[in-house]
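Reading through the structure tokens given below for one structure.
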Amino acid sequence: MTTPPTLPVPPEPLPEPLVSEPFVSEPFVPEPFVPEPSDVDAYLRRIGAERPARADAAALRDLHLRHLRTVPFENLSIHLGEDIVLDEKALLDKVVGAGRGGFCYEVNTAFAVLLRGLGYRASLLQGRVIGPEGKPGIPYDHMALLVETAEGERWLADVGFGDHGHFPLAFDERADQEDPGGVFRIVATADGDLDVLRDGKPQYRLEPRPRELADFTAGAWYHRTSPDSHFTRSLICSLLTEDGRITLSDRKLITRAHDERSERELEGEAEVRDAYRDLFGIVLDALPVVRGVKSMDGEKPMGGEKPMSGEKPESGIHNSDPR
């Protein structure tokens, strides 16, 4: 009797290959800078405000107005040879510790830090200022703030555009918004951006996407170095008052009160120093000097230049001398 042949045992099937999900790195979002309580207290003293009991809209309006009346819009650092550092702590030291102001990147960043320390959510928005011909400027030409209250209300705050609104604007409102500074409206564009209008005239175009402070480095560098930026071509220090506005443009003191406007040329360095100290709270070791620089149009003098838009020197910050 013959033994039947042994059949080979079929191999076990190979396991299914493991298919892993593609690796997608999460974008790095740095934590927003939050000041120490002592820094918040010092900032509140700087603008003459009490610590609000709640991070609501009423307190935001009060803080916004007080900031405009105590922290000047100024570009003195550019003409003093001082470095402009986009760093939250450095800007707190400048605005609070040194009693200075700054242009939009500086004062709006500092204000955002204060608001975060008080319980608001504050995001930085990049804007492009609309020029006299209706064309937007360079990217990151301007900085404004999207502020969210404890109740979830969203507001557009801007303490860095010179003669502008006195109070924040309701961010999601598309109708006219009355303000002591004019009638404002936020208009959505076809591309999803937002145009901010004052008395029917576009002021700047905002991207609603929040940005990081470092994103504004190129815009700030342009405005403090380019001969085609009005900030390098003129001196400005401007402050909202209870009945108008005071502006020192080089040595010309411009005062607006109750819709009346006056100009006076200051005589001598001592009077200029006194004006910076007494009107704006700025004590200077040396006076800023505007020097001629070459632009794309050739040599241009720095002081006493006409506002680009033809407006009065104390109106509109980015479109003319005093923002």
task = Among the GluC sites (Glu not before Pro) in region 146-178, which ones are in a DSSP loop with at most 11 other Cβ atoms within 10 Å of the Cβ? Mind listing them?
result = GLU151
query = region 80-138: which GluC sites (Glu not before Pro) are DSSP loop and have at most 16 other beta-carbon atoms within 10 angstrom?
reply = GLU82, GLU133
task = Enumerate the aspartates and glutamates that LYS135 could reach by cross-link, defined here as Cα to Cα under 13 Å, with residues fewer than 8 away along the same chain left out.
result = ASP195
inquiry  = Using a 1.4 Å probe on the protein heavy atoms, what percent of the accessible area of region 146-217 belongs to carbon and sulfur?
reply    = 47
message = Is there a quick way to get the dipole size of region 204-276? I mean about its Cα centre, with the Cβ of Lys and Arg at +1 and of Asp and Glu at -1; what is the value in debye to the nearest 20?
response = 340
ask   = Based on the Cβ-Cβ distance of ARG261 and LEU287, what FRET efficiency does E = 1/(1 + (r/R0)^6) give at R0 = 22 Å, to the nearest 0.05?
value = 0.35
key: Qualifying aspartates and glutamates (Cα of each under 14 Å from Cα of LYS252; at least 8 residues distant if same chain)   = GLU263, GLU265, GLU267, GLU269, GLU271, ASP274, GLU305, GLU314, ASP321
inquiry  = Could you tell me how far the Cα centroid of region 72-124 sits from the Cα centroid of region 155-230, in Å?
reply    = 17
Per-residue HN-Hα couplings for region 155-163 [Karplus 6.51, -1.76, 1.60; θ = phi - 60°; Hz; x = Gly/Pro] = 10, 9, 9, 7, 9, x, 10, x, 6
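The values are calculated or read from the model by the stated rules, or taken from the named source; none is laboratory data. No experiment lies behind these values; they were computed from the predicted model shown. Methodologically, a virtual Cβ is constructed for each residue, glycine included, from the backbone with ideal geometry; neighbour enumeration extends over all protein chains shown. In case anyone asks, the SASA skips ligands and DNA or RNA and just uses the protein heavy atoms, side chains included. Shrake-Rupley method; radii C 1.70, N 1.55, O 1.52, S 1.80 Å.
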